[in-house]
Each structure stands twice: as C-alpha cells, then as structure tokens.
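Trainee: Here it is, the structure in full.
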Amino acid sequence: MEEQRAPGIAKIATQYGLIQGVLSFLLFLVVTMTGLKQNWVSSVIGIVLLVVLMVLAHRAFKKTHEGIMTYGQGVGSGTLLSVVASVLTSVLLYIYVNFINTGYPAAALQIQQAALEQRGLSGAQLDQALVVTRIMLTPTGIVVTSLISSVIVGFIVALIVSIFTRDSDPRAVI
C-alpha cells in the first residue's frame, strides 16, 4: 500500500490565497457599491481577513505535518498566500475597472481631487498631484499599485503571524 503524502505549503497557501483574493475583491465591491470611500476601516477589515486566513492556512499545514511548522515555513506560506490573493484580486480589479465599471477610474480621480482641494492644494500643486494620480488611476495603474501594496502588506503580516503560529519540532537538535 502506498503512503499518502501530506499536502505541501504551496497547495495550502494557494487554496487560502484564492479565498483571500475573492474576499478582498468582494470587500472592494461592497465599499465601491455602497459609495463608501476606501478608508482605514476597510483597510483594517482587509488585514483582519488576511490574518484570519493566514492563521487558518498555518493551522491546516500543521494539522497535516505532525503539528510542526517552522518560522520560515510560516513566512513562506503566508507570503505565497498573499501573492496568490494579490494576483487574483488584481485580475478581478482589472476586469471590473476595464470592462464592467469603466467610469470607476474617473470617479476615483474626482474623489481624490476633492480630497486634495480640501487639504488646501490648488493651482500648480494640485495639477502636479493630479498628474501622478491620473497615472495611478488607470486600469493598469490600479492593478500594479494593488498588486505591489498587497504583496508588501502580506509579507509583513506573514512575518508577524508566523511568530505566533510557528511550532518547531521538539526532536530537533539545536
């Protein structure tokens, strides 16, 4: 009889990354559809979702590996989870802003312009800030900034979560 191998880090991280990607996109849709602005509350909700799914992924890995997961395995798993989630969310965002709600970038630019004006920017300063903002609020710009920022945040979260979820092999010689 053949011995069945436990699922590896990549399989588990990918599974939970796909869930995180869908949930992140759904959070974006809820914020967008309800007319709320992307603010710290929605960011905190997104990070809490990431932490919860990362802990669940680490628990699933440890369950199939005799309760053992090193710090490095935790960081690797969490980072891969974040990359998978970021790629999926970015693809869904691109489809949404490029094909479904093509007015989203223009509406986001207006909101950003109003926020800059409220902070006291006007004239040349406002124009200069809007040049950069226009680039970032194209469908491609939205995807690139989302992808980069999500992977960085995910890596930092993985560094922190793995401190608490690691469980070394008690048989290991130090």
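Trainee: Could you list, in sequence order, all residues of region 17-60 that are modelled with pLDDT of 95 or more and either of a type in the set (Phe, Trp, Tyr) or touching a Lys or Arg at 6+ places or on another chain (Cβ under 6 Å) (or both)?
Mentor: Hit for region 17-60 is 25, nothing else.
Trainee: Would you say residue 149 is exposed (fewer than 14 other Cβ atoms within 10 Å of the Cβ), touching a Ser or Thr at 6+ places or on another chain (Cβ under 9 Å), over 22 Å from residue 10 (Cβ atoms) and of a type outside the set (A, V, I, L, M)?
Mentor: Details: exposed (fewer than 14 other Cβ atoms within 10 Å of the Cβ): yes; touching a Ser or Thr at 6+ places or on another chain (Cβ under 9 Å): yes; over 22 Å from residue 10 (Cβ atoms): yes; of a type outside the set (A, V, I, L, M): yes.
Yes; evaluated as a whole, the condition is true for this residue.
Trainee: Restricting the search to region 20-40, which residues are in a helix (DSSP H, G or I) and either more than 15 Å from the chain's Cα centre (by Cα) or farther than 24 Å from residue 158 by Cβ (or both)? Explain how you work it out, then say what you get.
Mentor: Filtering region 20-40 for residues in a helix (DSSP H, G or I) gives 20-33, 40.
Scanning region 20-40 gives 29, 30, 31, 32, 33.
Trainee: Please work out if residue 36 is without any contact (Cβ under 8 Å) to a residue 24 or more places away in the chain, surrounded by fewer than 16 Cβ atoms within 10 Å (Cβ to Cβ), over 27 Å from residue 164 (Cβ atoms) and not acidic (Asp, Glu).
Mentor: Details: without any contact (Cβ under 8 Å) to a residue 24 or more places away in the chain: yes; surrounded by fewer than 16 Cβ atoms within 10 Å (Cβ to Cβ): yes; over 27 Å from residue 164 (Cβ atoms): yes; not acidic (Asp, Glu): yes.
Here the answer is yes, as residue 36 does meet what is asked.
Trainee: Does region 132-174 hold any residues that are modelled with pLDDT under 90 and within 30 Å of residue 59 (Cα to Cα), and which are they?
Mentor: 167, 168, 169, 170, 171, 172, 173, 174
Trainee: Still on this structure: Provide a single number: the residues in region 56-68 that are surrounded by 18 or more Cβ atoms within 10 Å (Cβ to Cβ) and either in contact with a Leu (Cβ under 8 Å, 6 or more places away or on another chain) or within 19 Å of residue 156 (Cβ to Cβ) (or both).
Mentor: Of the residues in that region, 2 qualify.
Trainee: Right, residue 41: out of contact with any Pro (no Cβ under 7 Å at 6 or more places or on another chain) and without any contact (Cβ under 8 Å) to a residue 12 or more places away in the chain or not?
Mentor: Working: out of contact with any Pro (no Cβ under 7 Å at 6 or more places or on another chain): yes; without any contact (Cβ under 8 Å) to a residue 12 or more places away in the chain: yes.
Spelling it out, residue 41 is indeed out of contact with any Pro (no Cβ under 7 Å at 6 or more places or on another chain) and without any contact (Cβ under 8 Å) to a residue 12 or more places away in the chain.
Trainee: Could you give me the residue pairs with C-beta distances under 9 Å whose first residue belongs to region 54-83 and is assigned to a loop (DSSP other than H, G, I, E, B), whose second residue is among the polar types (S, T, N, Q) wherever it lies, and which are 6+ apart or on separate chains?
Mentor: Cβ pairs passing all conditions: 65/73; 68/168; 70/162; 70/168.
Trainee: Note down all Cβ pairs under 9 Å where the first residue falls in region 98-127 and is of a type in the set (Ser, Thr, Tyr), the second is surrounded by 14 or more Cβ atoms within 10 Å (Cβ to Cβ) and assigned to a helix (DSSP H, G or I), and they're at least six residues apart or on different chains.
Mentor: Partner pairs satisfying both residue conditions: 102/139; 104/32; 104/96; 104/97; 104/139; 104/142; 122/116.
Trainee: Within region 115-146, how many residues are surrounded by 11 or more Cβ atoms within 10 Å (Cβ to Cβ) and either touching a strand residue (DSSP E or B) at 6+ places or on another chain (Cβ under 6 Å) or small (Gly, Ala, Ser) (or both)?
Mentor: 4
Trainee: When you scan region 73-113, how many residues do you find that are surrounded by fewer than 16 Cβ atoms within 10 Å (Cβ to Cβ) and either farther than 22 Å from residue 148 by Cα or more than 20 Å from the chain's Cα centre (by Cα) (or both)?
Mentor: 9
The values are calculated or read from the model by the stated rules, or taken from the named source; none is laboratory data. Not measured: the values here are computed from a predicted model. Neighbour counts are summed over all protein chains in view; Cβ atoms, including those assigned to glycine, are modelled from backbone coordinates with ideal geometry.
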